[in-house]
1. Only strands (runs of 3 or more DSSP E) wholly contained in segment 312-384 count here; list those with 2 or more residues that are among the aliphatic types (A, V, I, L, M), away from the ligand (no atom under 16 Å from the Cβ) and at pLDDT 95 or above.
2. Output the qualifying pairs, or none if there are none: Cβ atoms under 6 angstrom, residues six or more apart or on different chains, first residue in segment 1-16 and within 11 Å of PRO60 (Cβ to Cβ), second residue hydroxyl-bearing (Ser, Thr, Tyr).
3. Please specify each residue of segment 74-92 satisfying the condition of being more than 16 Å from the ligand (Cβ to nearest atom) and either hydrophobic (A, V, I, L, M, F, W, C) or in contact with a strand residue (DSSP E or B) (Cβ under 9 Å, 6 or more places away or on another chain) (or both).
4. Please find, among SER278, SER287, the residue that is within 16 Å of the ligand (Cβ to nearest atom), closer than 23 Å to ASN165 by Cα and of a type outside the set (A, V, I, L, M, F, W, C).
5. Looking at segment 313-338, I want the residues that are closer than 30 Å to GLN290 by Cβ and have a partner that is within 11 Å of the ligand (Cβ to nearest atom) and assigned to a helix (DSSP H, G or I) with Cβ atoms under 7 Å, at least 6 apart or on another chain. Which pairs are those?
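The values are calculated or read from the model by the stated rules, or taken from the named source; none is laboratory data. Fair warning: this is a prediction, and the values are worked out from it, not measured in the lab. So basically every Cβ, Gly included, is an ideal-geometry build from the backbone, and we count neighbours across all protein chains shown.
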Amino acid sequence: MHARELASQWHTLFNTHAENLYPGRYTAAKCLELAELALAIRARAREKNALVVAHNYVFPELHEVAALVGDSLGLSLEVARRRVPRVDFQSVYFMGATAKIITGDATRVFVPDRPQVLGCSLVFGTSHRWIEKWKEANPQGIVISYVNSDVYTKSLSDYICTSRNTHLIIAEAARQFPGRRILLAPDKFLGAVMRQKAVVEFGVDPDLIDIYTYHHQGWNACCYVHEKIGDDAAERALDEDPDAELIIHPECGCASTCLLKLEQGIIPRERAYFLSTSQMLDRARQSNAQRFLIATELGMIYRLRKELPEKTFDAVSAQATCQYMKACTLEKLLAELEGDRLEIILCDDCCDPRNPLQNDRVVHIPRSVAQRAKVGIDRMLAIK
Ligand code: SF4
């Protein structure tokens, strides 16, 4: 395919599904520039036998060049299942690192920029020292960490969880280790929603569950994108569109208050769903509703609109965009493929695990830390 042909297709596609998400971004000239980059990327990826995968939250053009689009754990597991020699992960850094922990030496994992650039407020806001002190104070305690965390935090954890299964992991930990305290880290909104679910659905004792709420380096123990989706926005959006269903990501800033309003009957139960990004697509496919209000990062709305064009999806907040996810670009992906950088490698514990070695070509993960981190991931995967 020629660049002009692809540019014309993308101009139509992006202006149909993403114009009000990224106003003014997809001009004809921009689409031509993106199409030329995309063709070069496809050629390089073929040469290098590389699988390009993209998280739901990156820009639409990255969805289009990727062989797979999804959530972080789903992508990592699929990469491991396919046993590919090389994967180029288009997302924030910790997701590439999770793929490396899971695939080990079987797959070379590349990311488009340094960990600081491909950051995450949950990673920046996690104090390892605070978690270590909690463990010292609770020597029998069980740490459950969200998959949106750095490798060292995972290595301090007994279980890893996702926004889809946290309540199941809490219930399993409470069953396996009765009477022991449990710490949920590092997202206070996800923690609050999932503690409530575990209490209601499995009868777990809420007094045994601590939630990480520490304010570390100016970060607020939550995803800053979902935090911006304020308390009343979801309720207001439902009032304005009485036929729409509301779909909320549990990390969302309004999630715990929405859950409370749901319990109190202020938000009708049949109109609001707390779902991970992968569950959102399933719900929208199965539901009889034609209109949906989505409380998560805008990239997911592009995916929903593209996959289900017969239904309507609108953002609860037009500000819900992640600067770290949006730091992934086609230019960087091409440079990544051409220069074979930045590669995430398992080193033989040559560096400080809290501050692993990194330069323009590689980022290290000490092998012993990766092994400890994998224990919690494997425990999670064993729970159906
Ligand atoms: S959307 Fe939130 S949780 Fe996801 S990478 Fe961005 S800051 Fe982190």
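1. Hits in segment 312-384: 343-347, 362-366.
2. Listed pairs, sorted by first residue: PHE14/TYR26; ASN15/TYR26.
3. Once the filter is applied, which keeps residues that are more than 16 Å from the ligand (Cβ to nearest atom) and either hydrophobic (A, V, I, L, M, F, W, C) or in contact with a strand residue (DSSP E or B) (Cβ under 9 Å, 6 or more places away or on another chain) (or both), segment 74-92 yields LEU77, GLU78, VAL79, ALA80, ARG82, VAL84, PRO85, ARG86, VAL87, ASP88.
4. Numbers: SER287 fails: within 16 Å of the ligand (Cβ to nearest atom).
None of the other options fit; the residue is SER278.
5. ALA315/LEU298; ALA320/VAL225; ALA320/LEU298; THR321/VAL225; THR321/LEU298; CYS322/VAL225; MET325/GLY299
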